[in-house]
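The values are calculated or read from the model by the stated rules, or taken from the named source; none is laboratory data. Note that this is a predicted model, so its numbers are computed, not measured. Here the Cβ is made from the backbone with ideal geometry for all residues, glycine too, and neighbour counts use every protein chain on show. With ligands, DNA and RNA removed, areas are computed over all heavy atoms of the protein, side chains included. Shrake-Rupley method; radii C 1.70, N 1.55, O 1.52, S 1.80 Å.
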Amino acid sequence: MKRIIGCLVFTVIISAFNNLYAKTGNEKVVAKSGTLLDKVNRDPGSPEPKVEPGKTKIPINPSLAKPTEPVTPADDSSSSDPNSPFYKPHIKRNINLKDIYVGLGAGIITNNAGKDMPFNEGFSINGNYGLCLIDKYLILELNNCLDFRFNPNKDWFSNAFTLPVSKLKGINLGFDDEFTVGLQVVVAGSRKVTFTAGPIAGGRMTIMPSMVYGQSLHYIATPISVSYGLKTNLFIGNKICWFAQYSNTLTTSLQSYASQTSIEFAQRSHQIPVNFGLLRVGVNYVIGAWW
């Protein structure tokens, strides 16, 4: 019995010794492999890290620890692929046009002095707002013209007021207010000079002068009509824009009235043909939008 107990104790001691020796060997292998990984991952010339006794430290390469960036699939179009032989980088046009601009200026008004023209000359105050489109190949432009008309055509007013020319005295100025929307095409452009042209359309309100003769008041109804025409711009540098604008309306006749100052007399009226075509030529000072 004593021999059996002694054999069991000896066997337990031998097993414990073998387990302790195997654990020590594994720690040496891990420490050695950690040292090799540290040498591989370290940058050249950097000092070796100190390892505290009894601890194993396996450093991680920072470049390997970074998360990988998501890969965006390339466009199938060959024109957008930089590696394609058909790829052409987009270059924005470098011309003297602002993306958004505001113009303020003035000009003169003239026409062909026809028999149906109420006035022969005038002065215009012009304001516009431009928005460049399609990489500055097109311009959407809003125009507002305030016109002061003078030098009246006395033959036309003689027919309108049914009075001889010798009796026409004290005819005041006429007034127009025209608002149009235009689409300008950039015909030619550079860093210094750009030329544009295009159609315009909108509306015009015209206030005609009146005249008192004797006891009668002669006046013409205020017409509001659709207007149309053509406008050209010549941009010089970044501040100056010369413009020429031809405009006409769909109104071809006006209603003329002659009313007595006394309520006992009836009002007389008749139609008279009219032509509102005119040409504005002037210059604007171009500034950038303030919003």
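Quick look at the values:
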read-out	value
Estimated FRET transfer efficiency (Lys154, Lys239; beta-carbon r; R0 41 Å; 0.05)	0.50
Nonlocal amide H pairs with Ser253, under 5 Å, H built at 1.01 Å	Val274
1.4 Å probe accessible area per residue over segment 141-291, in Å²	51 Å²
Value of relative contact order over segment 154-227, rounded to a whole percent, pairs C-alpha under 8 Å and six or more apart	29 percent
Scattering curve values for segment 100-215, log₁₀ I(q)/I(0), Debye with Cα scatterers, q = 0.12, 0.15, 0.21 Å⁻¹	-0.58, -0.77, -1.14
Accessible-area composition of segment 207-250, carbon plus sulfur, in percent [1.4 Å probe]	69 percent
Length released on extending from Ile125 to Gln267, taking residue separation times 0.36 nm less the Cα-Cα span	47.5 nm
Among 101-109, 247-255, the order from most to least packed when residues are scored by Cβ within 10 Å on average	101-109, 247-255
Rh (Kirkwood; distinct C-alpha pairs) - segment 181-241, Å	14.9 Å
Extension gain (nm, one decimal) between Phe179 and Ser210, 0.36 nm per residue minus Cα-Cα	8.7 nm
Cut-off 14 Å between beta-carbons: net charge of the residues surrounding Thr180, Lys and Arg +1, Asp and Glu -1	-2
